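Peer 1: Take this structure first; my questions come after.
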There are 2 protein chains.
Amino acid sequence: MGTVTLGASLSCAMPHGPGDRVQLGHGSGGKMSAALLKQCFLPHLGNPTLAALGDGAVVPVEAGEVVVSTDSFVVSPLIFPGGDIGSLAVHGSLNDLAMMGAEPRWLTAGFIIEEGLPVADLSRIVQSMGEAARAAGVPVITGDTKVVERGKGDGLFINTTGIGVRHPRARPGPDRARPGDAILVSGPIGRHGMAIMAARGSLGFESALESDSACLWPMVRDLAELLEGDLHVLRDPTRGGVASALNEIAQASGVGVVLDDGVLPIPGEVNAACEMLGLDPLYVANEGVFVAFCPRARAPEALGILRAHPLGQESAIVGRAVEDHPGYVVLQTAVGAQRVVDLLPGDQLPRIC
Amino acid sequence: MGTVTLGASLSCAMPHGPGDRVQLGHGSGGKMSAALLKQCFLPHLGNPTLAALGDGAVVPVEAGEVVVSTDSFVVSPLIFPGGDIGSLAVHGSLNDLAMMGAEPRWLTAGFIIEEGLPVADLSRIVQSMGEAARAAGVPVITGDTKVVERGKGDGLFINTTGIGVRHPRARPGPDRARPGDAILVSGPIGRHGMAIMAARGSLGFESALESDSACLWPMVRDLAELLEGDLHVLRDPTRGGVASALNEIAQASGVGVVLDDGVLPIPGEVNAACEMLGLDPLYVANEGVFVAFCPRARAPEALGILRAHPLGQESAIVGRAVEDHPGYVVLQTAVGAQRVVDLLPGDQLPRIC
């Protein structure tokens with residue numbers, strides 16, 4: 001065969017300036033996709049596994065039980081006090097693994113970008129994602145980007161799938177609560193949901209509220225090491241809040257749940273904002289808090305472990321599992337009055353995560 | 001404590017009729033979410049692991065190399081000749097695993113639903129997803145649903161993450177092509193992209209074109225068993241088509257690629273539709289075809305393996321890797337003329353997958 005003149009350039013097809021926006025062509029899988037990948041993604045998420053850029057990632061595993069969790073994030077707005085959709089997408093999937101007693105090892109990330117998203121916003125969010133992943137010691141090993149036309153998305157949606165390795169002895173499950181268990185909450189509740197409301201301008205006043213978005217694994221790891229088989233249940237009360245999480249546990253385990261009013265760690269600002277909006281903090285989403293069930297006799301040591309962590313300083317024993325009223329959650333006030341804390345039919349706050 | 005009257009009903013909060021549509025509350029994580037899950041998802045995707053409905057799934061693994069791939073699907077329209085976004089989302093991630101020489105084992109699924117999507121459409125798509133997953137023998141082990149407001153999505157986006165186990169001896173990689181390799185294509189090209197164009201009404205004429213969306217693992221498995229270490233490269237030419245896939249391989253391996261004009265299996269209808277729209281079939285997306293590189297001496301046996309499969313009956317040897325013009329793909333005509341087949345800057349056809 002003859003020689004061929006190769007005049008085509010393989011350099012970046014679209015250098016980005018400060019005002020640039022994502023275009024449909026960035027989702028093509030062609031040169032523009034490659035340029036966006038090099039500019040926005042690899043600098044922040046880069047690691048040797050991701051850099052191989054195959055159709056997927058290869059990771060070595062020891063024999064055992066692998067735990068897998070997936071979550072799509074559609075939070076609005078994309079950037080809010082205390083975090084953004086990038087850090088939230090990392091913490092969310094890591095926490096789902098932690099709630100199953102699994103050490104998070106790897107993350108995948110899928111991005112659905114609306115045409116017109118400022119490239120600077122995308123970069124900032126991916127950077128925040130990378131920082132959250134590095135802080136947790138969990139690499140993003142493979143990813144995917146798609147672009148949809150303006151008006152067919154909402155800036156950015158992110159899916160993350162977390163893969164972890166199950167703790168050999170701690171086996172928490174939503175169906176393992178037993179009458180006599182104490183219920184612990186690891187930190188102040190309601191902050192994520194109310195921070196999102198504040199970012200949406202729904203509060204009508206200035207607020208210092210910040211999302212609690214955080215990786216829960218370090219606290220869970222220590223709790224699992226302490227309690228092992230006595231760690232009956234772990235659950236992060238995200239959408240639907242503490243009330244929904246406890247209802248699910250009560251139903252799955254066939255126990256009743258009694259919450260003591262007045263001992264739940266609810267920040268004053270969350271209470272004030274909830275009162276003004278007519279919301280109940282028990283139903284407001286959290287992204288850096290978990291509830292745990294363990295035998296009452298072990299609760300004080302467990303609380304000690306939680307309080308040794310920065311995220312757990314306000315952790316508290318907030319109630320107990322009982323044989324009475326299986327499947328239902330009841331709030332008990334100091335004067336003995338009780339009310340059922342039911343599962344809500346729909347959303348208090350849509351697009352909170 | 002006293003007794004509590006439990007008047008709240010835990011039955012389905014929203015029975016669905018034929019005209020029903022997804023509402024924002026279905027994404028709440030509350031009763032409506034649970035009802036949608038029971039009606040639309042569990043009947044079609046159900047398996048013991050998914051039915052556990054925890055924050056994730058637990059699966060046993062043997063020690064070895066696990067392969068992970070993630071993909072978001074934003075195809076428009078949602079339902080097209082030969083498939084829909086549900087079956088496509090299964091095949092897409094399974095094929096990404098297969099292209100890394102990995103046996104697909106598990107899938108996760110994340111759904112981002114636009115408020116107003118007919119529940120019947122969602123059910124049909126999830127059913128198709130379940131059928132594709134069962135046909136491939138790969139269960140959907142965990143999932144997630146989110147709902148966004150009308151106008152903030154486009155009916156339905158699906159993310160799937162595939163997890164598989166790497167073949168112990170076949171280790172294909174985009175950087176493993178060597179001068180002297182033959183290039184095989186496993187089946188007729190261009191069908192998925194042109195079926196989507198037909199479904200969009202862009203052809204202006206009736207067409208019998210159907211997407212080739214299919215699981216490639218059975219063919220890949222047999223090829224890997226035959227070739228083992230001689231299976232140098234596998235790639236499914238999705239977005240950007242055969243041309244983009246070969247360009248990526250040429251660049252990653254530092255080889256030149258020569259395609260012989262006239263031997264590529266291009267269906268007559270694909271050719272006709274492409275000519276009318278001014279498209280090049282080499283750049284049109286496929287979802288049930290792969291390209292493979294192996295030493296020339298082994299290509300005839302490899303072709304025999306492919307042709308024994310229903311999907312591989314039109315497989316062909318379409319070119320070769322050469323030392324000349326590394327990083328570039330060249331199409332050579334029967335009369336000796338050559339043209340460079342470059343990577344396109346952006347999209348020929350947006351939202352094809």
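Peer 1: Quick check on my filter: what residues within the stretch B:143-161 are within 7 Å of chain A (Cβ to nearest Cβ) and open to solvent by less than 10 Å² (accessible area, probe 1.4 Å)?
Peer 2: Scanning the stretch B:143-161 gives B:Lys146, B:Val148, B:Gly153, B:Phe157, B:Asn159, B:Thr161.
Peer 1: Assess whether B:Glu131 counts as being open to solvent by 10 Å² or more (accessible area, probe 1.4 Å) and within 8 Å of chain A (Cβ to nearest Cβ).
Peer 2: no
Peer 1: Something else now. So is B:Ala224 open to solvent by less than 10 Å² (accessible area, probe 1.4 Å), away from chain A (no Cβ under 14 Å), in a helix (DSSP H, G or I) and within 26 Å of B:Ala136 (Cα to Cα) or not?
Peer 2: Spelling it out, B:Ala224 is indeed open to solvent by less than 10 Å² (accessible area, probe 1.4 Å), away from chain A (no Cβ under 14 Å), in a helix (DSSP H, G or I) and within 26 Å of B:Ala136 (Cα to Cα).
Quick grid of which residues meet (1) closer than 20 Å to B:Ser123 by Cβ; (2) crowded, with 24+ Cβ neighbours inside 10 Å:
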position	(1), (2)
B:Arg21	yes, no
B:Gly27	yes, yes
B:Gln39	yes, no
B:Pro48	no, no
B:Gly56	no, yes
B:Ser87	yes, yes
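Peer 1: Can you report the number of residues in the stretch B:288-307 which are open to solvent by less than 10 Å² (accessible area, probe 1.4 Å) and of a type outside the set (Gly, Ala, Ser)?
Peer 2: Counting residues in the stretch B:288-307 that are open to solvent by less than 10 Å² (accessible area, probe 1.4 Å) and of a type outside the set (Gly, Ala, Ser) gives 6.
Peer 1: Can you pull out the residues in the stretch A:91-127 that are open to solvent by 10 Å² or more (accessible area, probe 1.4 Å) and of a type in the set (Phe, Trp, Tyr)?
Peer 2: A:Trp106
Peer 1: Okay, next question. Of everything in the stretch A:163-178, what is farther than 30 Å from A:Glu323 by Cβ and more than 7 Å from every other protein chain (Cβ to nearest Cβ)? Give them in sequence order.
Peer 2: A:Gly164, A:Val165, A:Pro168
Peer 1: Consider only pairs whose beta carbons are under 6 Å apart and that are at least six residues apart or on different chains; among these, list those whose first residue lies in the stretch A:258-278 and is over 14 Å from A:Ala198 (Cβ atoms) and in a helix (DSSP H, G or I) and whose second residue is charged (D, E, K, R) and at pLDDT below 95.
Peer 2: So the pair list comes out empty.
Peer 1: In the stretch B:227-252, how many residues are of a type in the set (Gly, Ala, Ser), more than 20 Å from A:Gly27 (Cβ to Cβ) and within 13 Å of another protein chain (Cβ to nearest Cβ)?
Peer 2: 2
Peer 1: If you take the residues of the stretch B:58-85 that are under 30 Å from A:Arg105 (Cβ atoms) and among the charged types (D, E, K, R), which of them is surrounded by the fewest Cβ atoms within 10 Å (Cβ to Cβ)?
Peer 2: B:Glu62
Peer 1: For the stretch A:308-344, name all the residues that are buried (at least 16 other Cβ atoms within 10 Å of the Cβ) and among the basic types (Lys, Arg).
Peer 2: A:Arg320
Peer 1: Take the conditions in contact (Cβ under 8 Å) with a residue 40 or more places away in the chain, under 25 Å from the mean Cα position of the chain (by Cα) and either surrounded by fewer than 16 Cβ atoms within 10 Å (Cβ to Cβ) or away from every other protein chain (no Cβ under 14 Å) (or both) and apply them to B:Pro281. Does it pass? I'd like the intermediate steps shown before the answer.
Peer 2: Numbers: in contact (Cβ under 8 Å) with a residue 40 or more places away in the chain: yes; under 25 Å from the mean Cα position of the chain (by Cα): yes; either surrounded by fewer than 16 Cβ atoms within 10 Å (Cβ to Cβ) or away from every other protein chain (no Cβ under 14 Å) (or both): yes.
Yes: the conditions hold for B:Pro281.
Peer 1: Examine the stretch A:236-257 for a residue that is touching a residue at least 12 places away in the same chain (Cβ under 8 Å), over 30 Å from A:Phe80 (Cα atoms) and of a type in the set (Ser, Thr, Tyr), and state whether such a residue exists.
Peer 2: Yes, because at least one residue in the stretch A:236-257 is touching a residue at least 12 places away in the same chain (Cβ under 8 Å), over 30 Å from A:Phe80 (Cα atoms) and of a type in the set (Ser, Thr, Tyr).
Peer 1: Which fully enclosed helices (runs of 4 or more DSSP H) of the stretch A:1-97 have 1 or more residues being more than 7 Å from every other protein chain (Cβ to nearest Cβ) and at pLDDT below 85?
Peer 2: A:31-36, A:48-51
Peer 1: I'm checking my understanding of the structure. Among residues of the stretch B:198-221 that are more than 15 Å from B:Glu301 (Cα to Cα) and either charged (D, E, K, R) or within 14 Å of chain A (Cβ to nearest Cβ) (or both), which one is most open to solvent (accessible area, probe 1.4 Å)?
Peer 2: Here the answer is B:Glu206.
Peer 1: Any residue at all in the stretch B:199-210 that is within 14 Å of the chain's Cα centre (by Cα), at pLDDT 95 or above and closer than 24 Å to B:His91 by Cα?
Peer 2: no
Peer 1: A follow-up question, please. B:Ile183 fails exactly one of the following numbered conditions: (1) aliphatic (A, V, I, L, M); (2) open to solvent by 10 Å² or more (accessible area, probe 1.4 Å); (3) at pLDDT 95 or above. What is the number of that condition?
Peer 2: (2)
The values are calculated or read from the model by the stated rules, or taken from the named source; none is laboratory data. Please read all numbers here as calculations on a predicted model, not as lab measurements. Cβ atoms come from the backbone with ideal geometry, glycine included; neighbour counts cover every protein chain shown. For accessibility, only protein heavy atoms count, side chains too; no ligands or nucleic acids. Shrake-Rupley method; radii C 1.70, N 1.55, O 1.52, S 1.80 Å.
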